[in-house]
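Encoded as structure tokens, the structure appears first; notes follow it.
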Amino acid sequence: MKFNELNLSQEIIEAVDELGFAEMTEIQQQSIPLLLEGRDVIGRSNTGTGKTAAFGIPAVESITEADRGKVTVLILCPTRELAMQAHEEIRKFARYKRCVKATAVYGGASMERQIMELKRGTNIVIGTPGRVMDHIRRRTLKLHDLRTVILDEADEMLNMGFREDIESILSEAPEERQTVLFSATMPSEILAITKKYQTDPVQIKIKSAQKTVELIDQYYFEVAMGRKTDALRLLIAAYSPASAMVFCNTKRMVDELTEALINSGIRAAGLHGDMKQAQRTAVMNAFKAKSTNILVATDVAARGIDVSGIDAVFNYDLPQDNEYYIHRIGRTGRAGKAGTAYTLITGKRQYFDLQAIARYTKAEIREMPLPDRSDITAMKKESLAAEIAGIEERGDENVYEILDKLADMGIDPREAAARLISRRLHSELEGLPEFSASRPLKKGRRDGAKTVKVDINIGRSKRIAPNFILGALVDATGMSGKDFGKIDIYDDHTTVEVPESEYDYIIESTNPMKINGHQVEVKLYKGGREKSGGKQVYSERRGRPDMKRSAYGSRNRSEVFKDYTPDRRKRTKKRH
Ligand code: ADP
Ligand code: MG
């Protein structure tokens, strides 16, 4: 269904047309007619499905000449960026409807300017709950003319602690009003708000969760402890995305990672809630203009951010919430375009968490080995060739003069070009982290992987046999029996050989742990206890730990990249 099939004014149809929106998205198709009628609506649909237009178009449409100077629509958004973004989009819808004024109010920006704009008279106010409350208290924003209140990303606003602000805003708004709520999830708190503040709402639920995600190729890389930053540098070098987002779970990690990427010559910038508004705006603008290629962000700062043409999303940290995974990877593959999402994991725990995400999202997240030098060289050759082929202007006279001069020196043009290209190729490959020695869970760990011993404070005196120990460990960690090595049982304690790379995870997941009904403690074995703690009474040589797990495909790297490279080629070409 197209926008012009709705009963919308010519001014809006024209504006929407100009934005290049041909067909309506599902949520738009279902909610716009109801909103135009004035109904209360609860809308649930995934990120990237065009919710801003779903509520923004009816909002703009509802305003007439008679509303001059009256605030009739209030839109609440969880973050400054989202408020700014919704404001921008709404202004575009109102482009030909001159009587409509829209104003954004959010924290971290000049209060005076917002007050001035509000005083000058506006119809649609888009803001964060905190700042909106501020203006209400100062009486610079009055709600008595309000006809519509819209809560965008309501669940996120509650997560961010805006519940009180939202409730006081809703109770101060005129009772006769339209209340619209959009949310990705419907927790009970949202239902409570709905019940209390909406009248006979229509529920719209669009089950397009997978649709957005289906267009996104999803891969994960297993990296050794402490090497995620190097792995990310390598991946950025290999795929050279023109525009990509990297997600971290903490502000501090955003800062540290951004600094590390910048130091290795990558055009990266960080985005999180502790930054000043002016700084955040500058970062977003540079990212939109693609002068910053890599945006490193926290979930909250990036929520709902809509930048077109993001090639890839990297999960540096695993998201703390399954829904976040969908939100994150939904930054790429916007509006029906393909995208790629890469997740970095370390250790078994993260491996299992990722499997849980895959089950939840019903997505296929495939393992991919980190590209090595020869993979990267091959990819760079492709992208350099594409880049040079894509240069449209011809070389100017001066350049041909240089070539003539070189020819006099016995360097023909082919050789000259080769020297320049080779310098460029080498500079791009220079200083890349090496991974061959530490590539985990692949060939090599089985024989020669480093192991450590853990000590469990239970032994023969409690009638413990090795299979008890092994069973409890497998149970607690989810690892396979083959992952554990030699087990030595003494009178009052037991030592078990474990892969060093999994040590932290094993300690974490085995405390607490019970063996044969006894609560035990698992610690790093520091040695020497045999002498004081009783003689060794049992030893089982189980060979070296075997970390190869069946979850990993048997295909080797070159096979994987054979499949993968043609796709990259297409994408690289498109970009240049
Ligand atoms: P959501 O709030 O659901 O995450 P947005 O409102 O941010 O999604 O919209 C995502 C992107 O899709 C924006 O770039 C928007 O301009 C674009 N968009 C919205 N509706 C349409 C449409 N009908 N056709 C094409 N693009 C659209
Ligand atoms: Mg949105």
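From the Cα gyration tensor of the chain, with a ≥ b ≥ c the square roots of its eigenvalues, which class applies: rounded if a/c is under 1.5, or else prolate if a/b is larger than b/c, or else oblate?
Numbers: a/c = 2.55, a/b = 1.35, b/c = 1.89.
Oblate shape, in that a/c is at least 1.5 and b/c is the bigger or equal ratio.
Just to confirm the filter: which GluC sites (Glu not before Pro) across the stretch 400-431 are DSSP coil and have at most 13 other Cβ within 10 angstrom of their Cβ? Display every interim value, and only then the final one.
On the way: sites: 401, 415, 428, 430; in loops: 430.
Answer in residue order: 430.
Any idea what the relative contact order of the chain is, in percent, if you count C-alpha pairs under 8 Å spaced at least 6 apart? Mind showing how you got there, number by number?
On the way: 961 pairs, mean separation 67.9, N = 576.
Reported as a whole number, the value is 12 percent.
Please work out the Cα center distance from the stretch 446-524 to the stretch 21-60, rounded to the nearest Å.
56 Å
When only DSSP loop residues count, what trypsin sites (Lys or Arg not before Pro) in the stretch 218-293 have their Cβ near at most 16 other Cβ atoms within 10 Å? All intermediate terms of the calculation are to be shown ahead of the outcome.
Details: sites: 227, 228, 233, 251, 252, 267, 276, 280, 288, 290; in loops: 227, 267, 276, 290.
In loop regions of the stretch 218-293 (DSSP not H, G, I, E or B), the sparsely surrounded trypsin sites (Lys or Arg not before Pro) are 267, 276, 290.
Quick one: Karplus J couplings for the stretch 502-511, per residue in order, coefficients 6.51, -1.76, 1.60, θ = phi - 60°, nearest Hz, x for Gly and Pro?
Once rounded to whole Hz, the list reads 9, 4, 4, 5, 5, 4, 5, 8, 9, 10.
Can you tell which of 206, 74, 511 lies farthest toward the positive end of the dipole of the chain, using +1 and -1 charges on the Cβ of basic and acidic side chains (Lys, Arg; Asp, Glu)?
511
Can you send over the carbon and sulfur percentage of the accessible area for the stretch 3-206, probe radius 1.4 Å, protein chains only? Don't skip to the end; give the middle numbers.
Details: 4030 of 9070 Å².
Within the stretch 3-206, the accessible surface is 44 percent carbon and sulfur.
Which whole-Hz couplings ³J(HN,Hα) result when phi for each residue of the stretch 107-124 is put into the Karplus expression 6.51 cos²θ - 1.76 cosθ + 1.60, θ = phi - 60°, listed in order with x for Gly and Pro?
Karplus-based 3J(HN,Hα) across the stretch 107-124 equals x, x, 10, 4, 5, 4, 5, 5, 4, 4, 4, 5, 5, 5, x, 8, 10, 10 Hz.
Percent antiparallel among DSSP beta bridges with both residues in the chain, to the nearest 5?
Working: 20 of 69 bridges.
The antiparallel proportion sits near 30 percent.
Could you run the Karplus curve 6.51 cos²θ - 1.76 cosθ + 1.60 with θ = phi - 60° over the stretch 292-302 and give me ³J(HN,Hα) per residue in whole Hz, x for Gly and Pro?
In residue order, the calculated couplings are 9, 8, 10, 9, 9, 8, 8, 4, 5, 4, 9 Hz.
Within the stretch 20-38, what residues put their amide N at less than 15 Å from the label point 7 Å along the Cα-to-Cβ vector of residue 2?
Under cut-off, by backbone N: 20-25.
Could you let me know the centre-to-centre spacing of the stretch 98-172 and the stretch 319-383, using Cα atoms, in angstrom?
Taking the Cα centre of the stretch 319-383 as reference, the centre of the stretch 98-172 is 37 Å away.
For the stretch 3-206, what is the accessible area per residue in Å², given a 1.4 Å probe and the full set of protein chains? Can you show the working numbers first?
Values: 9070 Å² over 204 residues.
Ligands and nucleic acids excluded, the figure is 44 Å² per residue.
What does the charge count near residue 146 come to, summing +1 for each Lys or Arg and -1 for each Asp or Glu among other residues with Cβ under 10 Å from its Cβ? Can you show the working numbers first?
Details: positive: 70, 142, 147, 177; negative: 145, 172, 176.
Neighbourhood net charge equals +1.
Normalised by the number of residues in the stretch 210-372, what is the relative contact order in percent for Cα pairs under 8 Å and 6+ residues apart? Before the final figure, lay out each step's value.
Values: 296 pairs, mean separation 62.7, N = 163.
In percent, rounded to a whole number, it is 38.
So, with +1 on the Cβ of K and R and -1 on the Cβ of D and E, and no other charges, what is the size of the charge dipole of the chain about its Cα centre, to the nearest 20 debye?
Details: 91 positive and 83 negative charges, 273 e Å.
In total the dipole reaches around 1320 debye.
Would you mind getting me the FRET efficiency between residue 387 and residue 450? Use the beta-carbon distance for r and R0 = 45 Å, nearest 0.05.
Details: r = 42 Å, r/R0 = 0.94.
Computed FRET efficiency for residue 387 and residue 450 comes out at 0.60.
Collect residues whose amide H, placed 1.01 Å from N in the peptide plane, falls under 5 Å from the amide H of residue 218; neighbours closer than 5 in sequence don't count.
341, 366
When only Cα pairs under 8 Å and 6 or more residues apart are kept, what is the percent relative contact order across the stretch 241-334? Don't jump to the answer; show the numbers that get you there.
On the way: 159 pairs, mean separation 38.6, N = 94.
That works out to 41 percent.
Treat every Asp and Glu Cβ in the stretch 51-138 as -1 and every Lys and Arg Cβ as +1, leave all other atoms uncharged, and give the resulting dipole magnitude about the Cα centre to the nearest 20 debye.
Values: 16 positive and 9 negative charges, 43 e Å.
Using only the charged Cβ atoms, the result is roughly 200 debye.
Only sites in a loop by DSSP and with at most 13 other Cβ atoms within 10 Å count here; which trypsin sites (Lys or Arg not before Pro) in the stretch 38-125 make the cut? Working shown, then result.
Working: sites: 39, 44, 51, 68, 70, 80, 91, 92, 95, 97, 98, 101, 113, 119, 120; in loops: 39, 68, 70, 95, 97, 98, 101.
Hits after loop and neighbour filter: 68, 98.
Please work out the FRET efficiency for the pair residue 355 and residue 188, using the Cβ-Cβ distance as r and a Förster radius of 22 Å; give the result to the nearest 0.05.
Numbers: r = 28 Å, r/R0 = 1.27.
The formula returns an efficiency of 0.20 here.
Residue farthest toward the positive end of the dipole of the chain, with Cβ of Lys/Arg at +1 and Asp/Glu at -1: which of 278, 83, 476?
Going by the charge dipole, the pick is 476.
The values are calculated or read from the model by the stated rules, or taken from the named source; none is laboratory data. What you see is a predicted model, and the numbers here were worked out from it, not measured in a lab. Note that each Cβ is placed from the backbone with ideal geometry, even for glycine, and that neighbours are counted across all protein chains shown. Ligands, DNA and RNA are stripped out before the accessible areas are found, and what is left, the full protein with its side chains, is counted by its heavy atoms. Shrake-Rupley method; radii C 1.70, N 1.55, O 1.52, S 1.80 Å.
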